[in-house]
1. Name, by its number, the condition in (1) under 21 Å from R163 (Cα atoms); (2) in contact (Cβ under 8 Å) with a residue 24 or more places away in the chain; (3) surrounded by fewer than 16 Cβ atoms within 10 Å (Cβ to Cβ) that does not hold for G87.
2. Is it the case that E97 is in contact with a Gly (Cβ under 9 Å, 6 or more places away or on another chain) and assigned by TED's automatic domain parsing to the domain that holds C148?
3. Hey, which of the helices (runs of 4 or more DSSP H) in region 1-105, taking only ones fully inside, have at least 3 residues that are within 16 Å of the chain's Cα centre (by Cα), at pLDDT 85 or above and within 24 Å of L122 (Cα to Cα)?
4. Do we have L109 as in contact with a strand residue (DSSP E or B) (Cβ under 6 Å, 6 or more places away or on another chain) and hydrophobic (A, V, I, L, M, F, W, C) here?
5. Among the residues of region 131-147, which ones are surrounded by 13 or more Cβ atoms within 10 Å (Cβ to Cβ) and either part of a strand (DSSP E or B) or at pLDDT below 90 (or both)?
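The values are calculated or read from the model by the stated rules, or taken from the named source; none is laboratory data. Bear in mind that the values here come from a model prediction, so they are computed numbers and not experimental data. Quick reminder, even Gly has a Cβ in these numbers, built from the backbone with ideal geometry, and neighbours come from all protein chains shown.
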Amino acid sequence: MKLCSTKNCDRKNYCRKMCERHYKFWLRHSNPKVMESKRARYRRWRVNNPERAKSYQKDVWLYRHTPVGYLKHKYSAMKKRVTGYYGAKNKYWFGKELCSLDDFLAWSLKDPRFKKLFRAYLKNGESRMNPSINRIDVSIGYTIANMCWITWSENSREAQLRRWSD
């Protein structure tokens, strides 16, 4: 009976001269298919299942065009900015305070400005009319007291003016 080739392991061989535990560890950490990114796996799945991929994309598109789906997507983007997903270099976002998802959803769904902008966005379908979160004071994070809803084009213009004034 051959034993596992891993140091100090006295278990029986399973595959590739390793016991089952070490083989599974090797698969998780050394196998290139396991190491590929989620994006690469999704791309491969999309190529192999074109009809299901279209259906999935349509479902995601439909969900993101509902108020709750849209708000959760916006919250996810805010969370990525604050936690440094896009890089810790940006002084306007990184390390700032972030309200909870429940508070954000409750505040946004009650806000008449969001409702008006969201309806206009769905009606027109233009990305520049997209509702966008504006932080009133950029030195403070995404807190309820520091946020208001404006169109994406207004927010973009304000950001450009702020960058030129700095």
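1. (2) is the only condition that G87 fails.
2. On the way: in contact with a Gly (Cβ under 9 Å, 6 or more places away or on another chain): yes; assigned by TED's automatic domain parsing to the domain that holds C148: yes.
Yes: the conditions hold for E97.
3. Numbers: elements: 20-30, 32-35, 38-48, 50-64, 67-83.
Answer list for region 1-105: 50-64, 67-83.
4. no
5. P131, S132, I133, N134, R135, V138, I140, G141, Y142, M147, listed by residue number.
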